[in-house]
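Read the structure below first, then the notes.
The values are calculated or read from the model by the stated rules, or taken from the named source; none is laboratory data. Quantities reported herein were computed from a predicted structural model and do not represent experimental measurements. Cβ placement follows ideal geometry from the backbone for every residue including glycine, while neighbour counts extend to all protein chains displayed.
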Amino acid sequence: MTQSAATTARDTQELSSAGATTATAALVGRVSLSAIFILSGISKLSAPAAMIGYIGSVGLPFPQLALVLAIVIEIAGGIALIAGYRTRTVALGLAVFSVITALAFHNNLGDQNQFIHFFKNIAMAGGLLQLVAFGAGRFSLDARRG
């Protein structure tokens, strides 16, 4: 093998390894981002009356409907992220949801707990916007669909 062929083979192997690392990081990132949504949706199912009261306490109309929508958005969106299904659209929807919930439920920035929750939601939206920008990666249903 010539030096040029050896260099090309090494470069190809390095690119393949880098691609696998990137694809794995994208999958782990999607699973990590989705966990908070799925767990939050499930927790709402376990105490719906308390959640309806909390939603109503911030002045949102139709708290029962808002609860159902939140559960569906969080659980279905989280599962779609893990699968990498329509990732850019789902991530954009979850980013908007995260910002809206930050503004509606965590807007008392004088309260340290609410301050942390507000910026947690903003940080989640930032991570989700990365998915909007770069997609789900190789290990996803989106990649299989072409």
Quick check: is even one residue across the range 42-61 of a type outside the set (A, V, I, L, M, F, W, C), touching a Gly at 6+ places or on another chain (Cβ under 7 Å) and within 17 Å of residue 102 (Cα to Cα)? no
Please go through the range 122-140 and pick out each residue that is buried (at least 20 other Cβ atoms within 10 Å of the Cβ) and either polar (S, T, N, Q) or more than 10 Å from the chain's Cα centre (by Cα) (or both). 136, 137, 140
May I ask you to say which residue of 27, 33, 15, 81 is surrounded by 16 or more Cβ atoms within 10 Å (Cβ to Cβ) and either at pLDDT below 95 or touching a Ser or Thr at 6+ places or on another chain (Cβ under 7 Å) (or both)? 81
Does residue 104 qualify as being surrounded by 17 or more Cβ atoms within 10 Å (Cβ to Cβ) and either within 22 Å of the chain's Cα centre (by Cα) or part of a helix (DSSP H, G or I) (or both)? no
Testing residue 133 on (1) outside any helix (DSSP H, G or I); (2) closer than 24 Å to residue 23 by Cβ, one condition comes back false. Which one is that? (1)
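Please verify whether the range 65-82 includes one or more residues that are outside any helix (DSSP H, G or I) and acidic (Asp, Glu).
In the first step, residues of the range 65-82 are kept if they are outside any helix (DSSP H, G or I); the result is none.
Scanning the range 65-82 turns up no residue that is outside any helix (DSSP H, G or I) and acidic (Asp, Glu).
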Scanning for something aliphatic (A, V, I, L, M) and in a helix (DSSP H, G or I), does the range 107-114 turn up at least one residue? no
